[in-house]
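Structure first, then comments.
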Amino acid sequence: MASRSYSASVLCQRAGVLKMMCRGMSTAAQPQSQVDFLKGEPHRKHPGVTNLKTLHLPEELQTAARSIIHSAQVLRLTERTRKLTNLLWSRKRAVEDVTLRKKAVSLEKELWEKAMEKRGDIDEEALEDRIRRKVFSELRRTTYHWTPMKYDEESGVVYMAARLAGGYAAVRRALNEIKKRDLSFAPQSLLDFGSGLGTVVWASHSCWAGSLKEMVCVDSSGPMNILAERLLKGDDERAQPLIKHVYFRQFLPVSPKVQFDLVVAAFTLSELPNAKEREEAVFTLWRKTSSYLVLVENGTKDGHQILMEARDTLLKKQEKTVHDSRPASVFAPCPHELMCPKLAGKLTVPCNFQQLYQPLPLPGHNDRQIEKFSYLILSRSGPAEAETEGVDWARLIAPVLRRTRHVHCQMCCTDGQLQHTVVTARKHSRDMYRCARSSDWGDRLPVTQNFQEDVQSDSE
């Protein structure tokens, strides 16, 4: 009996040694390019991981916000917060005049054709007047009625309760893309266009507190600027600002020669009334940018399309007067500068991402919430170079589905195409498989030549 157990233990030990030897051999047999992309990092922290864990507001910001909300004593705050959140999420772009005219002409033609089919002795002038009134009535009924959002002190407090934590989470996640991938970037100046409550200042400070020396916040709303200043002072007028060198303006700096290392516009372009004003704003912000321009919008179809319009504006159109000749290149999230494949299909769906965050501890707020957003980062330093020679980096555009010994990944690739790939250790190497298993929606996945060949053979 003892000899049998001894033999069994010896066999187990030998099997373990053989297994370890096989693992070592399989790793050694991998092409060098498949191992190098890790750059010495563990798989769960490979260079493509830019996601963040559940984000919390900075403690000083949360304390100040709670103090302001408590002292305001807004009636029906929970209900108004929920309504404002739903309104902002369902908000669409204003319908362009050209689109409205085309729709009116098409509808008028359709009504005339129907009237002519039943033609008898009719008064054409009366018919024309009736058709015109019907066209106006139909347009009023079916057209989205866009109105600018305006905030006084009380509605600003409601906005704070509704959007402070979620807005901070989206901006902080977008900025983390730069912080993780460009380790040499240490911005000294920041411009926040449409600054609202100043969440961009707080998010930027959490990333580059040691280097930022000047932060300019531009917002046309006086009440919002006042609330942002109160947050910076911890809701104490006599106190010094918690973050130094923050300046509030209601208009952008006039001189085109004044540039900032980092320019951000979060949830701002969607508040402009038409495409022409959005284009002018994007050009103006780009002129102010010396390194990175970051644009963030709701993760809706309209939010994504607004960002793609901005992308096309800077990549394909030329300004009349150029003060900085360095062209724009896409830094994130797109791994290419071709047409967005999500807009190319019959059913356009937004390219969006999500970030878990802890909301303000107010009645009606859950323990954790999800901020769904779209973003675009443009750079003046040229296209982002691959971190490792022989490796392209695809963007994961949906949750990663982890199954037994395989992982489902939906990716936007450098060739401008969407791919659904089932990653396994046998086909794509153990390193690639473990990286895919450790990645999540919004991260980048390293794609080697062998990986691409396997994907191509699978599709064939």
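The values are calculated or read from the model by the stated rules, or taken from the named source; none is laboratory data. The model shown is predicted, which means the values in this text are computed figures rather than measured ones. With ideal geometry, Cβ positions are generated from the backbone for all residues, glycine too; neighbour counts draw on all protein chains shown. Ligands, DNA and RNA are stripped out before the accessible areas are found, and what is left, the full protein with its side chains, is counted by its heavy atoms. Shrake-Rupley method; radii C 1.70, N 1.55, O 1.52, S 1.80 Å.
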Anything in segment 72-82 that is assigned to a helix (DSSP H, G or I) and in contact with a helix residue (DSSP H, G or I) (Cβ under 9 Å, 6 or more places away or on another chain)? List them, or say none. Ala72, Leu77, Thr78, Arg80, Thr81, Arg82
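Quick one: would you say Glu229 is free of Cβ contacts under 8 Å to residues at least 60 places away in the same chain and either small (Gly, Ala, Ser) or not in a loop (DSSP other than H, G, I, E, B) (or both)? Give the steps one after another, and end with the answer.
Working: free of Cβ contacts under 8 Å to residues at least 60 places away in the same chain: yes; either small (Gly, Ala, Ser) or not in a loop (DSSP other than H, G, I, E, B) (or both): yes.
The answer is yes for Glu229.
I need a count of the residues in segment 259-286 that are without any contact (Cβ under 8 Å) to a residue 40 or more places away in the chain and within 17 Å of Lys316 (Cβ to Cβ). Steps first, answer last, please.
So the first thing to find is which residues in segment 259-286 are without any contact (Cβ under 8 Å) to a residue 40 or more places away in the chain, and the list is 272, 276-280, 282-284.
Checking which are within 17 Å of Lys316 (Cβ to Cβ) leaves us with 276, 278-280, 282-283.
The qualifying residues number 6.
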Across segment 401-442, what is the total count of residues that are assigned to a loop (DSSP other than H, G, I, E, B), open to solvent by 10 Å² or more (accessible area, probe 1.4 Å) and either out of contact with any helix residue (DSSP H, G or I) (no Cβ under 8 Å at 6 or more places or on another chain) or under 20 Å from Ser374 (Cβ atoms) (or both)? 7
Result of the Cβ filter at 6 Å on segment 298-313, keeping first residues that are under 16 Å from Val264 (Cβ atoms) and partners that are part of a helix (DSSP H, G or I) and not aliphatic (A, V, I, L, M), at least 6 apart or interchain, is Ile306/Ser270
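Restricting segment 313-365 to residues that are in a strand (DSSP E or B) and in contact with a Phe, Trp or Tyr (Cβ under 9 Å, 6 or more places away or on another chain), which is farthest from Arg76 (Cα to Cα)? Explain how you work it out, then say what you get.
Of segment 313-365, the ones in a strand (DSSP E or B) are 329-332, 353-357.
Then keep just the ones that are in contact with a Phe, Trp or Tyr (Cβ under 9 Å, 6 or more places away or on another chain); that gives 331-332, 353-355, 357.
Working: Phe331: 43, Ala332: 40, Phe353: 31, Gln354: 29, Gln355: 28, Tyr357: 24 Å.
Among those that are in a strand (DSSP E or B) and in contact with a Phe, Trp or Tyr (Cβ under 9 Å, 6 or more places away or on another chain), it is Phe331.
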Considering only segment 269-302, how many residues are small (Gly, Ala, Ser), open to solvent by less than 30 Å² (accessible area, probe 1.4 Å) and either assigned to a strand (DSSP E or B) or not assigned by the TED database to the domain that holds Asp219 (or both)? 1
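Select from segment 83-117 the residues that are in a helix (DSSP H, G or I) and touching a helix residue (DSSP H, G or I) at 6+ places or on another chain (Cβ under 8 Å) and list them in ascending order. Even if it seems obvious, please write down each step before you answer.
Going through segment 83-117, the residues in a helix (DSSP H, G or I) turn out to be 83-90, 97-117.
If the condition is that a residue be in a helix (DSSP H, G or I) and touching a helix residue (DSSP H, G or I) at 6+ places or on another chain (Cβ under 8 Å), then Leu84, Thr85, Leu88, Leu100, Lys103, Ala104, Leu107, Glu108, Leu111, Trp112, Ala115 are the ones that fit.
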Only listed residue being aliphatic (A, V, I, L, M), under 33 Å from the mean Cα position of the chain (by Cα), surrounded by 15 or more Cβ atoms within 10 Å (Cβ to Cβ) and not assigned by the TED database to the domain that holds Gly196, chosen from Leu77, Leu107, Leu55, Leu127: Leu55
Can you tell me how many residues within segment 169-195 are part of a helix (DSSP H, G or I), touching a strand residue (DSSP E or B) at 6+ places or on another chain (Cβ under 9 Å) and open to solvent by 10 Å² or more (accessible area, probe 1.4 Å)? 2
Would you confirm whether any residue within segment 40-50 is assigned to a helix (DSSP H, G or I) and open to solvent by 70 Å² or more (accessible area, probe 1.4 Å)? yes
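Can you tell me which residue within segment 130-152, out of those that are among the polar types (S, T, N, Q) and outside any helix (DSSP H, G or I), is nearest to the chain's Cα centre (by Cα)?
Applying the first criterion (among the polar types (S, T, N, Q)) to segment 130-152 yields 137, 142-143, 147.
Next, only the ones that are outside any helix (DSSP H, G or I) stay: 143, 147.
Values: Thr143: 27, Thr147: 24 Å.
So the residue we want is Thr147.
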